[in-house]
Amino acid sequence: MVSAAPIAEVLLHNRSNPDCIQRNEIFCPGWAVDNFNRYVDPVIQHVVLVLASVCIGFAIAFALSLLAHRHRWLSPTFLGATGVLYTIPSIAFFFLLLPITGRGRTTAIIALTAFTLQIIYRNVTTGLANVPADIKDAGRGMGLTDRPLLWRVEIPLAMPEIIAGLRIATVSTVALATLAVFVNGGGLGVEIYTAGNLTFKTGIVIAGTLAILLALAFDLILVAIGRRATTWRRVASG
Amino acid sequence: MPDEAPSPGAPAQDEVSSLRYDHVSKRYGDSTDPAVDDLNIEVAAGEICVLVGPSGCGKTTAMRMANRTVEISEGDILLGERSIRDRDPARLRREMGYVIQQIGLFPHRTIAQNIGTVPQLEGWKRDRIEARVAELLELIGLEPGIGDRYPAQLSGGQQQRVGVARALAADPLVMLMDEPFGAIDPINRERLQNEFLRLQAEIRKTVLFVTHDIDEAIKMGDRIAVMREGGRLAQYATPAELLMAPADEFVEDFVGADRALKRLALMRVGDVELWEAPLAYVGQPTSEVVRKLEGAEVPYPLLIDSERRPLGWLSERDLAKGMVPATPDSPLGALLDRDDVLRDALADLLQEGSQYAPVTDASGRIAGVLSVEIISEFLASPAAESDERGAAERVHG
Amino acid sequence: MEAGGERMSGLVPHLSLGALGLFGDAFDFIFHQQPAKTGGGLATVGGLDQVGTLAVEQLKVTVLALGLSIAIAFPIGAYLGHRGAGEGMALAIGNAGRAIPELALIAFMAAAIGVGLGNLTMALAVLGIPPILTNTYVGISQVDRNAVEAARGMGMTGGEVIRRVELPLAVPTIMSGVRTATINIVATATIAPLVGVLTLGDFILSRNVYGDEGVLAGAILVALMALALELSLAGIQWLMTSPGLRLGRE
């Protein structure tokens, strides 16, 4: 009780303490508490960017992978194409798209989607390839044709790999989406670049930390989804 | 590192060494049950010693202590005269050949590079390595061109042979083999076993061989060490002794209820005393033959040609004629060779449904007749141990 | 040449024509010097000279950061992988590294310890170390255990096992990590002008100086450089991979 009071006093004293801001210290808790609201919008924009990019990216990459699963010869082409998109730095991609799609969220989403393609494609393909041959054999022997075999057997068994790919893609996209600010795409990057002009330390720290926490949150959600989708694994080893 | 001079203190390269386990025990952590318990075995130079037993009996652990892949808890292992404990493990292992069940060929090196691994580590000159690789490829029965291929391109049996060649490359003093033929299908396994025995007849290495298969142990081993759970030695004996005189109930069970039949694998036809059949030539007066029949061991006359090669058995109808006919009534049926193993001979007799079969020597001439009775007499009597042991050695070459 | 893409896209045919024209201008920018749009201390911009200077700077930064990342991550990953220890940590670092936003990283670096090539290299190494560490660990620890056991049983010392068996077999996985690290580093080096190290990204980030065609030119150049590096590394990986490993693959 006795020790609590002085600490509270210190905190109160620091609230919006202009000194902390003036000296541009690494982290000013008072300022953070006061200005928390300004981060709500950027976070929401950030989440939208990530969700849109990953979902669209997953849809495309998944479809490509299924195509290549059926027609093996397509695989090198797809790998190459998605690889090119993965290699090109997002910021360059943003501005390559600029003349065509202009500034704004759309451009950002297109570029971020392109980045996720190879990761997801690779993981889905590997997951499907790692389904043991004898299980597929047993399935066919029971009378399953190609499509039911794929959806009822192969894809469920490939789920661990697929989820792993989604996790990697999502976490990477959260980090990359901070760059969306450069094409007016919103997101937490705004707080780092535009608002704080790259020098306001507290702002950078908060924005960066929020981005990392967001990545962690997405990761945990995906892990939970993954567990749900593979209960058979835990039951077997339990 | 000079490639001719042996490392200081070690025996000369072409000496083969004995291997002795002296009260060797292995304990893991604070577990009170030892993995290997007071093992005492001496493997004479040039002999194959097989460690055999059920899973978990410690046979693999025991073998791996010899090259310090597993460290000894108590006791000592002597390679020749020297304890392995004061040798540097890496140097020690280079003097031993090591073959494991899964082979473990290096997928990123060619066959030739795989085989030449230890010579290369030892600093041999390139042409010496090449010559040695060529020599070994021929020894194990693979074509020389295979040296440039990669393990992924070889069949399981071929890979297994390369594994053995790789272990032999630096002319080791001792070979350690852990279920080397375990991962192969039965047909190829038998072939590989025979080839290894043929090889051993030529190069006479000291071999410590681990298997869980008692039949393989009997076939391959000069001496067999049967181990039981708890890492204890149940019996250490020659195959013949093991089959005739199992030390206790465990060994008896492990060897199997058919150990009498297993003994037949150890003897050749030429090792038992054969019976005489009355011999008849083409054109001989049958009256002479009939006279010979009286008191003969085999109650049927055997027709032979001028080279004393058997042509067939004469029946009563044949004997009713005045002269011995050129073509006998009964065909030959089973025809045995003195070098045949008794077990195969018995199988042939049973197959043909005959009681007797003529036995020829290497040039095809009649040497005697084998009957089922001879075999069962052999099984019933405790044959002189030295006879059987000697015979067993001859079977192993 | 007014860039028609200022507004959100709507008129595709019209924009395509405009876009095509802009691409043409961008190529022109790369090869020929032109007057600067605003002051910014430069009279002329563009042309191969300037392109070359900035490209070299980006390459320098990338190579230095990559070298530092490899120097730190590779030995640690190799040692841990060889011993089979620290898997949790190796994987966690890999996962965590992915989550670091590069913009925040270099901004924080600049604000906290200042700008400059040395600081930037260290910051870039933070992004390059995780993939190399994780992939080196996974690559070495997942080498065929039978080959390793045979190697040890044959008398190879620990160092010989790493050099002659584990490393050659782990090359594909390790190089994959190096390539990922390179992509991360190149991407961040592109925005290095924000903290005072002028790389090709300067074209992209300073539109008022270089104009729309400069921005596009910068994007094209950065993309080309990234692709060139990736191809080179893929080639090196191909050379370093034993033919025995390439067999039996799809």
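The values are calculated or read from the model by the stated rules, or taken from the named source; none is laboratory data. None of the values given here were measured: they were computed from a predicted structure. With ideal geometry, Cβ positions are generated from the backbone for all residues, glycine too; neighbour counts draw on all protein chains shown. Calculation scope for accessible area: heavy atoms of the full protein, side chains included, ligands and nucleic acids excluded. Shrake-Rupley method; radii C 1.70, N 1.55, O 1.52, S 1.80 Å.
Things worth noting here:
- Close contacts from region C:223-249, counting a first residue that is at the interface with another protein chain (Cβ under 8 Å from one of its Cβ atoms) and closer than 30 Å to C:VAL51 by Cα and a second that is assigned to a helix (DSSP H, G or I) and small (Gly, Ala, Ser), with Cβ to Cβ under 6 Å and a gap of 6+ residues or different chains, come to C:ALA223/A:ALA92.
- Residue, farthest from the other protein chains (Cβ to nearest Cβ), within region B:89-111, restricted to residues that are assigned to a helix (DSSP H, G or I) and touching a Lys or Arg at 6+ places or on another chain (Cβ under 9 Å): B:ILE111
- Hits in region B:72-87 (condition: within 30 Å of the chain's Cα centre (by Cα) and closer than 19 Å to B:TYR98 by Cβ): B:ILE72, B:ILE77, B:LEU78, B:LEU79, B:GLY80, B:ARG82, B:ILE84
- Pair list, Cβ under 9 Å, 6 or more apart: region C:128-147 residue more than 14 Å from C:PRO168 (Cα to Cα), other residue open to solvent by 40 Å² or more (accessible area, probe 1.4 Å) and of a type in the set (Phe, Trp, Tyr): C:ILE132/C:PHE74; C:LEU133/C:PHE74
- For A:ALA207, the test of being in contact (Cβ under 8 Å) with a residue 40 or more places away in the chain, under 12 Å from the mean Cα position of the chain (by Cα) and assigned to a helix (DSSP H, G or I) is failed.
- Exclusive hit being among the aliphatic types (A, V, I, L, M) and either open to solvent by 40 Å² or more (accessible area, probe 1.4 Å) or away from every other protein chain (no Cβ under 14 Å) (or both), set A:ALA169, A:ALA211, A:ALA175, A:ALA217: A:ALA217
- Tally of residues being among the basic types (Lys, Arg) and either part of a strand (DSSP E or B) or at negative phi (or both) across region B:46-79: 2
- Hits in region C:160-186 - residues which are open to solvent by less than 10 Å² (accessible area, probe 1.4 Å) and not β-branched (Val, Ile, Thr): C:GLU166, C:ALA170, C:GLY177, C:ALA181
- With a requirement of 1 or more residues that are within 12 Å of another protein chain (Cβ to nearest Cβ), farther than 30 Å from C:ALA26 by Cβ and of a type in the set (A, V, I, L, M, F, W, C), the helices (runs of 4 or more DSSP H) lying completely within region A:46-150 that satisfy it span A:105-129.
- Within region C:174-195, at least one residue is at pLDDT below 90 and away from chain B (no Cβ under 14 Å).
- Taking the conditions (1) in a helix (DSSP H, G or I); (2) at the interface with another protein chain (Cβ under 9 Å from one of its Cβ atoms); (3) within 24 Å of C:LEU80 (Cβ to Cβ) in turn, C:ILE162 satisfies each one other than (2).
- Test for B:SER17: is it in contact with an Asp or Glu (Cβ under 6 Å, 6 or more places away or on another chain) and open to solvent by less than 30 Å² (accessible area, probe 1.4 Å): no
- Among (1) surrounded by fewer than 18 Cβ atoms within 10 Å (Cβ to Cβ); (2) without any contact (Cβ under 8 Å) to a residue 24 or more places away in the chain; (3) away from chain B (no Cβ under 14 Å); (4) touching a helix residue (DSSP H, G or I) at 6+ places or on another chain (Cβ under 8 Å), the one test that C:LEU198 misses: (2)
- Residue match in region C:118-136 (condition: in contact with a helix residue (DSSP H, G or I) (Cβ under 8 Å, 6 or more places away or on another chain), closer than 30 Å to B:ARG68 by Cβ and more than 8 Å from every other protein chain (Cβ to nearest Cβ)): yes
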